[in-house]
Structures are given as structure tokens and as C-alpha cells.
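The structure appears below as C-alpha cells.
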Amino acid sequence: MNTPFYDLVPRGLEENLRWRIRCRERALVDDQFRNALIQACEQDVLFFFAFALWVEEPRERIKLRPFIPWPHQEAVIVGMDETITEGMTHGHPVSATVKKSRAQGGTYTYLGVQIRRALYENGFSSGLVSRNEKMMDSKDPSAVMNKLSSMLDKLPVWMLDKYERNITAHTIKLPKTNSIWVGYSATADVARGGRTSMFAFDEVGSEEFIAGGVDYKIMSSVAHVTNCVFL
């Protein structure tokens with residue numbers, strides 16, 4: 001795996017937290033060090049996860065944890081990132097199918113890969129599809145757009161100073177790079193917004209996707225507007 005800076009990251013929970021604090025504090029006063037962190041995050045997707053991202057786990061006593069990838073997640077994260085690169089570079093359709101079970105952080109994982117892209121690539125765009133509107137964008141903490149917003153909120157301010165969220169339109173935009181996420185429920189409206197860098201489907205095996213052949217109709221529609229799909 002091409003992860004040139006990941007070996008510098010402490011993997012233990014306490015060690016990682018102390019390291020993050022030291023890095024963030026120094027980055028506030030040391031421009032050269034801050035630029036080195038930005039470069040490492042841009043060039044190494046696993047470093048970005050282990051330095052900048054957090055996950056929330058309501059079932060645990062400690063609800064908020066640094067996203068330190070588990071060994072079996074590392075190859076998945078790198079593979080997702082390489083799939084996006086392949087789709088955008090070669091211009092032919094590619095897909096990544098991720099078999100996941102509960103408590104594996106699947107949604108956080110594909111969102112994290114996309115956040116890094118959106119921070120560093122001008123005009124990156126992603127369509128996010130969930131089984132219904134409530135699970136895509138609502139006050140429910142489990143809604144995909146809520147998870148995305150929460151992850152963005154926890155980035156260092158020098159990495160992301162602001163973003164724009166429109167709950168009515170189900171969009172989140174990063175003005176600095178003109179990147180955008182658009183949320184959809186599993187209906188025929190998916191992909192009507194035009195071409196996009198990629199699409200990601202959450203809980204694609206749910207009844208809402210499968211009932212009445214909706215999954216087939218959505219996939220056929222998406223195939224015309226993007227070269228990269230995560231399932």
C-alpha cells in the first residue's frame with residue numbers, strides 16, 4: 001500500500017490522542033509544521049484517517065473516538081481511494097463492493113475517504129444514497145448527512161474553516177474547493193442532479209432498495225452520470 005506517512009502514527013488509543021493534541025497545538029503556531037501535516041494528509045489516506053477523523057459510538061462508555069483504522073480496515077480504505085482514482089483517471093466505470101456487518105464503521109469509512117478528496121480536489125462531488133429520506137438527512141443522529149456533518153465539524157479549523165449545509169436540498173458544500181455531497185433516498189430521483197465524481201450506497205441490501213426492482217433502476221440511472229460507485 002502506498003501510505004508513506006502512516007508508520008509515523010501511534011496506533012494505541014491514548015498514545016494517538018496525545019499525539020493528535022501535540023500536532024494540533026504545534027500546527028497553530030508553526031506554519032511549516034502545519035503545511036507538513038496538510039501534505040501528509042493529502043498524500044496518505046490512512047494518515048489522514050488516523051490524524052484527522054473521529055467516530056461516534058453511542059453503545060460504548062466513551063462515545064467519541066479517534067478513527068484509528070483497524071488492520072482489516074486499512075486495505076479497504078486504500079482500495080476505496082484507489083477505486084476513485086481509477087474511475088476519474090481512466091474514464092471507465094469501476095465499482096467497489098464492501099461486505100460489512102454492524103459495528104464495522106462502514107459509513108464512516110467511505111465518508112472519510114470522500115472527505116479527504118473533497119478537501120484537496122477542486123470540484124469533487126459525491127451522491128450519497130440511503131434506504132429512505134430519514135436515514136439520509138434528518139434529525140436522526142444515524143442519518144448519513146448528520147454523520148458527514150459531524151465528521152467535518154471535528155476537523156482542525158486550519159484544515160476546514162467552514163462548510164454549507166442545506167437540509168432541505170440535502171446538500172453539503174465546501175466553498176474553498178467547490179466540492180459537494182448530495183443526498184438521495186432510494187427512489188427514482190437518484191442521479192437526476194447531473195454528473196458526479198462518484199456515488200456511494202448505504203445499506204444497499206435493505207428492503208427499500210430491493211422492493212419492486214428499485215435497486216436495478218437506480219443502478220441503471222447512476223451508470224450514466226458517474227464512473228465510480230461504492231456499494
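The values are calculated or read from the model by the stated rules, or taken from the named source; none is laboratory data. In this text the structure is predicted, and so the values were computed from the model without any measurement. When we count neighbours, we look across all protein chains shown, and the Cβ atoms used for this are built from the backbone with ideal geometry, even at glycine. Surface accessibility is based on the protein's heavy atoms, side chains included, excluding ligands, DNA and RNA. Shrake-Rupley method; radii C 1.70, N 1.55, O 1.52, S 1.80 Å.
Looking at the range 82-96, is at least one residue under 26 Å from R195 (Cβ atoms) and either among the basic types (K, R) or touching a Leu at 6+ places or on another chain (Cβ under 9 Å) (or both)? Walk me through how you get there before you give the answer.
Here is the first cut: in the range 82-96, the residues under 26 Å from R195 (Cβ atoms) are 82-96.
Filter again for either among the basic types (K, R) or touching a Leu at 6+ places or on another chain (Cβ under 9 Å) (or both), leaving 95-96.
Within the range 82-96, one or more residues are under 26 Å from R195 (Cβ atoms) and either among the basic types (K, R) or touching a Leu at 6+ places or on another chain (Cβ under 9 Å) (or both).
When only residues in the range 125-136 that are touching a residue at least 40 places away in the same chain (Cβ under 8 Å) and open to solvent by 10 Å² or more (accessible area, probe 1.4 Å) count, which is nearest to the chain's Cα centre (by Cα)? Reasoning before the result, please.
Quick first cut of the range 125-136, residues touching a residue at least 40 places away in the same chain (Cβ under 8 Å) only: 125-133, 135-136.
In the following step, the residues that additionally are open to solvent by 10 Å² or more (accessible area, probe 1.4 Å) were identified as 125, 131-133, 135.
Numbers: S125: 11, R131: 18, N132: 19, E133: 19, M135: 16 Å.
Within the range 125-136, the match that is nearest to the chain's Cα centre (by Cα) is S125.
Please go through the range 47-63 and pick out each residue that is within 10 Å of R116 (Cβ to Cβ) and out of contact with any Cys (no Cβ under 7 Å at 6 or more places or on another chain).
F49, L53
Scan the range 8-18 for residues that are in contact (Cβ under 8 Å) with a residue 12 or more places away in the chain and either in contact with a helix residue (DSSP H, G or I) (Cβ under 8 Å, 6 or more places away or on another chain) or open to solvent by 90 Å² or more (accessible area, probe 1.4 Å) (or both) and jot them down.
Once the filter is applied, which keeps residues that are in contact (Cβ under 8 Å) with a residue 12 or more places away in the chain and either in contact with a helix residue (DSSP H, G or I) (Cβ under 8 Å, 6 or more places away or on another chain) or open to solvent by 90 Å² or more (accessible area, probe 1.4 Å) (or both), the range 8-18 yields L8, V9, R11, N16.
Would you say I21 is at pLDDT 95 or above and either under 17 Å from the mean Cα position of the chain (by Cα) or crowded, with 17+ Cβ neighbours inside 10 Å (or both)? Break it down into steps so the answer makes sense when it comes.
Numbers: at pLDDT 95 or above: yes; either under 17 Å from the mean Cα position of the chain (by Cα) or crowded, with 17+ Cβ neighbours inside 10 Å (or both): no.
Spelling it out, it is not the case that I21 is at pLDDT 95 or above and either under 17 Å from the mean Cα position of the chain (by Cα) or crowded, with 17+ Cβ neighbours inside 10 Å (or both).
Take the range 145-181 and flag every residue that is closer than 18 Å to T109 by Cα and open to solvent by less than 40 Å² (accessible area, probe 1.4 Å).
In the first step, residues of the range 145-181 are kept if they are closer than 18 Å to T109 by Cα; the result is 145-155, 172, 180-181.
Selection gives M145, N146, L148, S149, S150, M151, L152, L155, I172, W181.
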